[in-house]
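The values are calculated or read from the model by the stated rules, or taken from the named source; none is laboratory data. Since this is a predicted model, take the numbers as computed values, not measurements. Don't worry about glycine lacking a Cβ; one is built from the backbone with ideal geometry, like all the others, and counts go over all protein chains shown. SASA here: full protein model, heavy atoms, side chains in, ligands and nucleic acids out. Shrake-Rupley method; radii C 1.70, N 1.55, O 1.52, S 1.80 Å.
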Amino acid sequence: MVELTRLPTLYLSDSWYARVAAAQLPPETDIVKLKTRLYDQYSLEDPLVNWNGMKFVRISVQAYNTQRDADQFLEAMSNLL
């Protein structure tokens, strides 16, 4: 997501890994519209939040997620942002 949004990572290292993470979205992102389009166009449901004047998407990767799921998420975000 850092390459897509060009916003700094929230973590100490780019190589840091967790099953749940938050990625900052551009300030101009309409998170209500983005959430609707993610679901309607890609059948993806991801929490989007506005916190302290910044916007974030929560990314959750679990055992049932595949590389295809991650690729679909990145493609959707790339097309919609």
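Modelled label positions at residue 54 and residue 66, each set 7 Å beyond Cα in the direction of Cβ, lie 3.4 nm from each other. Dividing the Cα radius of gyration of the stretch 19-81 by its Kirkwood radius returns 0.95 for Rg/Rh. Expressed as a whole percent, the accessible area of the stretch 39-81 that falls on carbon and sulfur atoms is 47 (1.4 Å probe).
Backbone amide hydrogens, once placed in the peptide plane, bring residue 22 within less than 5 Å of 59, excluding anything fewer than 5 places away on its chain. For the pair residue 5 and residue 75 in one chain, pulling the backbone fully straight at 0.36 nm per residue adds 23.9 nm over the alpha carbon distance.
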